[in-house]
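Asks: Structure in structure tokens, see below.
Each value in this text was obtained by applying a stated rule to the coordinates, not by laboratory testing. These figures come from a predicted structure and were not determined experimentally. Using ideal geometry, Cβ is built from the backbone for each residue, glycine included, and neighbour counts are taken over all protein chains shown.
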Amino acid sequence: MRKNSFLFGHIFVSASQPLYTKAYFHIFLMSAKSASKVGEKGFAKSDAAIDVSASFCGVKLRNPLVLASGIVDTTASSLIFAIENGAGAVTCKSISLEPRKGHGSPIIVTNESGMLNAVGLSNPGLASSIEEIKDAKKRLAAHKDKELRNARIIGNVFATSIEDFAKAAKEISKSGCEMLELNLSCPNVKDEFGEPFACNPAMAAELTKAVKKALKEANKDANNKINLPILVKLAPNVPDIAKIAKAVEAAGADGITAINTMPGMFLDLKTGKPILTNKSGGYSGPGLKPIAVKCIYDIYKAVKIPILGTGGVNTGKDAIELMMAGATAVGVGSAVYYRGISCFKKINNEIAEWMKENNVSSLKEIIGKAHK
Ligand SMILES: Cc1cc2nc3c(=O)[nH]c(=O)nc-3n(C[C@H](O)[C@H](O)[C@H](O)COP(=O)(O)O)c2cc1C
């Protein structure tokens, strides 16, 4: 069993500071300390009549907030820590068949409206991650807080070929996770131009079909005990995200996660060079929210499957906005950096307060409101 570790413990720098002079190793230690008393269940100030539970792809969630992929490492302790701090479900950091080292520091740079990361999909590989998920499930099943025993874990895999995606999906289905997210933002090495799966509707659909087929086989091998809904995670940097969503829905996707980070770059004005070792990275946090809202809005119009809306959610009102655009559940990533790990409890409380103030008793009343 690995010790829990949080990604934001890596070195990162602020684009508005003298570069490379500020390295923060302790953000998550601070988060851990701020895992505070914001209502033990996360809804201290809410009215009992307010229903913040959600059902996503047939899976019941005690609240709609989902820890986004990549924010904490896939260790049982990290996943449980996020659940104890109010997450309705947690997503594992993207896992590949084999271990992967990732990029050198600095891997995260912040500015006033968001953060740019180039972690490089570092992960210990599938075998070790499956053991961590199994351990998390075991520990949650015996958790002293009964409400947490059914907290959901979403696996997340990536690969550079359709065959490896299918293999990884089949393997991780044995871990006990309740849903599986496919990170389509990596390049397909078999494509002539190495285009990411998320940018091409035909490739995204072929991949979805292959994963569904692999999971059907896994289910057969397990005497029908594995019923794993798949969420296809889409990227915002495409001309028409709804087209990709439609293609993966037709190929059998059970849900869509929208969106991943937006490609970006920060330059050091003294040297004129990119700040990140990898030069470019993925932008997330508050600056990403309007992009996420538009993507979710467009996808909602195009498909019937549910959307896990992700991108720039820092407050309860942000979460409500993504739901109004069409999200059934809401991913929370960079907010863990801005507000600490207790952001889940805080955002849940803010959602409940907003509902109370606006006479809304169930989240169902606001999902897709922008379209009505
Ligand atoms: C440091 C960091 C690492 C991430 N790693 C992954 C990853 O491994 N897999 C993935 O699917 N998304 C990854 N993401 C993207 C997030 O899951 C999420 O889609 C994105 O950050 C937008 O949400 P946010 O604005 O709430 O952070 C990462 C994001 C950040 C900030």
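Asks: Using θ = phi - 60° and the Karplus form 6.51 cos²θ - 1.76 cosθ + 1.60, what ³J(HN,Hα) does each residue of the stretch 77-84 get, whole Hz, x for Gly and Pro?
Replies: Result, rounded to whole Hz: 5, 5, 5, 5, 4, 5, 5, 5.
Asks: While we're on this one: Pick from VAL59, VAL293, VAL332 the residue whose mean-square fluctuation is largest in a GNM of the chain, springs joining Cα atoms under 10 Å.
Replies: Comparing VAL59, VAL293, VAL332 in a Gaussian network model of the chain, the most mobile one is VAL59.
Asks: On to the next question. For the stretch 150-278, what log10 I(q)/I(0) values come out of the Debye formula at q = 0.13, 0.19 1/Å, with one point per alpha carbon and no solvent?
Replies: -0.56, -1.00
Asks: For q = 0.24, 0.27, 0.29, 0.33 Å⁻¹, what log10 I(q)/I(0) does the stretch 303-345 give under the Debye formula with an equal point scatterer on each alpha carbon and no solvent?
Replies: -0.76, -0.90, -0.99, -1.16
Asks: Please compute the net charge surrounding TYR338, taking Lys and Arg as +1 and Asp and Glu as -1 over other residues with Cβ under 15 Å from its Cβ.
Replies: +2
Asks: Per the helix-only calculation at 222 nm, which mean residue ellipticity applies to the chain, given -39500 (n - 2.57) for every DSSP H run of n ≥ 4 and division by its residues, nearest 500 deg cm²/dmol?
Replies: Helix contribution divided over all residues of the chain: -10000 deg cm²/dmol.
Asks: Moving on. Once Lys and Arg get +1 and Asp and Glu get -1 on their Cβ, which of LEU180, CYS343, ILE108 lies farthest toward the positive end of the dipole of the chain?
Replies: Of the candidates, CYS343 comes out farthest on the positive side.
Asks: Lys/Arg Cβ at +1, Asp/Glu Cβ at -1, dipole of the chain taken about the Cα centre: which of LEU67, VAL330, ASN85 is farthest positive-ward?
Replies: Final value for the positive-end residue is ASN85.
Asks: Is there a pair in LYS190/LYS213; LYS289/LYS345; LYS174/LYS243; LYS212/LYS233; LYS279/LYS301 whose C-alpha atoms are over 24 Å apart, and which pairs would that be?
Replies: LYS174/LYS243; LYS279/LYS301
Asks: Shape verdict for the stretch 235-346, please, from the Cα gyration tensor: rounded (a/c under 1.5), prolate (a/b greater than b/c) or oblate.
Replies: oblate
Asks: I would also like to ask the following. GNM on the chain, C-alpha springs below 10 Å: top fluctuator among LYS93, LYS60, LYS346?
Replies: Among LYS93, LYS60, LYS346, the largest GNM mean-square fluctuation belongs to LYS60.
Asks: Let me ask something else. Aspartates and glutamates near LYS364 by alpha-carbon distance under 18 Å, same-chain residues fewer than 8 away left out - which ones?
Replies: Here the aspartates and glutamates satisfying the reach criterion relative to LYS364 are ASP47, ASP51, ASP318, GLU321, GLU350, GLU353.
Asks: If you don't mind, another one. In cubic angstrom, how much convex hull volume per residue do the alpha carbon atoms of the stretch 87-231 span?
Replies: Dividing the Cα hull volume of the stretch 87-231 by its residues yields 145 Å³.
Asks: Still on this structure: Could you sort 273-280, 310-317 so that the peptide with the highest average Cβ count within 10 Å comes first and the rest follow in order?
Replies: The peptides rank, most packed first, as 310-317, 273-280.
Asks: So if I place +1 on the C-beta of Lys and Arg and -1 on the C-beta of Asp and Glu, and nothing else carries charge, what would the dipole magnitude of the stretch 7-371 be about its Cα centre? I want it in debye, nearest 20.
Replies: I would put it at about 520 debye.
Asks: Counting just the Cα atoms, what span does the chain cover along each of its three principal axes? Round to the nearest Å and put the largest first.
Replies: 56, 52, 46
Asks: Considering only the other residues whose Cβ falls under 12 Å of the Cβ of ALA68, what net charge follows from Lys and Arg at +1 and Asp and Glu at -1?
Replies: Values: positive: LYS93, LYS233; negative: GLU181.
That sum, taken over residues with Cβ under 12 Å, equals +1.
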